[in-house]
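Asks: Structure provided below as structure tokens; questions to follow.
Only the coordinates and a few stated rules stand behind these numbers; no lab work does. All figures in this text were calculated on a predicted structure; none of them were measured in a lab. Here Cβ is always computed from backbone atoms with ideal geometry, including for glycine, and neighbour counts include all displayed protein chains.
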Amino acid sequence: MNRTCALLLATASLFGCKKTPHADVTAAREVLAAFTQAGADHAALTVALRPKQEDYAAVFTAEAAEQAKAVMDPMWDGAKAVIDPSAEQTEVAIVGVTPDQLTKGEGDAASCPASYQGIADKLNPKIVVYCAQFVKPGEKHGLSVDALVLVDDHWALFPKPFRVLK
């Protein structure tokens, strides 16, 4: 039985599966949960999410990529992008949405800043944007973090791109 399941999974992976916004929510939550651990080095964890130069072209349209890179790179250089939840913010609430969902306000788009609707056309339609909040247990709002994106084999953070791409 295990061999049959393994063969079915391997066959399915050869043909590919349509990626859903929820496919990597668990992995994204794990990345951000590291920030909630006692003694976590928030600066080092944040720097690990710095986009590579080629990530901008993978996440944004051609014209938007250059604009985003021009504004965001200096922010990373100045360590202004540190994710710093309080010690009480031990839970991570996170959603994944496609640019199409952001445009239409569908799915979990309401859990992301409304300003994404105005820039969704500047995002690569194949990506999933993860919007998260570090919250105190029992609370709904806290420290917002977006846009976390899985780019190829790594996670990259593009903080509040709607402020850059107005």
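Asks: How large is the dipole of the chain about the Cα centre if only Lys and Arg carry +1 and Asp and Glu carry -1, each at its Cβ, rounded to the nearest 20 debye? Mind dumping the intermediate values first?
Replies: Details: 16 positive and 20 negative charges, 57 e Å.
I would put it at about 280 debye.
Asks: Quick one: pull the percentage of alpha-carbon pairs in the chain with a separation above 23 Å. Each step should come with its number before you reach the end.
Replies: Numbers: 5720 of 13695 pairs.
More than 23 Å apart: 42 percent of the Cα pairs in the chain.
Asks: Let me ask you something else. Going by average Cβ density within 10 Å per residue, which order do the peptides 142-152, 40-50, 112-122 take, highest to lowest? Before the final figure, lay out each step's value.
Replies: Details: 142-152: 19.7, 40-50: 14.8, 112-122: 18.2.
The densest-packed peptide leads the list: 142-152, 112-122, 40-50.
Asks: A 28 angstrom limit on the alpha carbon distance is what I want to check against. Which of K104/K136; K126/K160; K52/K136; K69/K104; K80/K166; K80/K104 exceed it?
Replies: Working: K104/K136 30 Å; K126/K160 19 Å; K52/K136 32 Å; K69/K104 26 Å; K80/K166 20 Å; K80/K104 32 Å.
Result: K104/K136; K52/K136; K80/K104 exceed 28 Å.
Asks: Compare the Cα positions of W155, V47, Q117 along the charge dipole of the chain (+1 at Cβ of Lys, Arg; -1 at Cβ of Asp, Glu; about the Cα centre) and return the one farthest towards the positive end.
Replies: Q117
Asks: Determine the calculated [θ] at 222 nm for the chain from helices alone, applying -39500 (n - 2.57) to every DSSP H run no shorter than 4 residues and normalising by the residue count; nearest 500 deg cm²/dmol. Working shown, then result.
Replies: Numbers: 6 runs with 56 residues, N = 166.
Mean residue ellipticity at 222 nm (helix-derived): -9500 deg cm²/dmol.
Asks: To the nearest 0.05, what FRET efficiency results for K136 and K52 with a Förster distance of 30 Å applied to their C-beta separation?
Replies: Numbers: r = 33 Å, r/R0 = 1.12.
That gives a FRET efficiency of 0.35.
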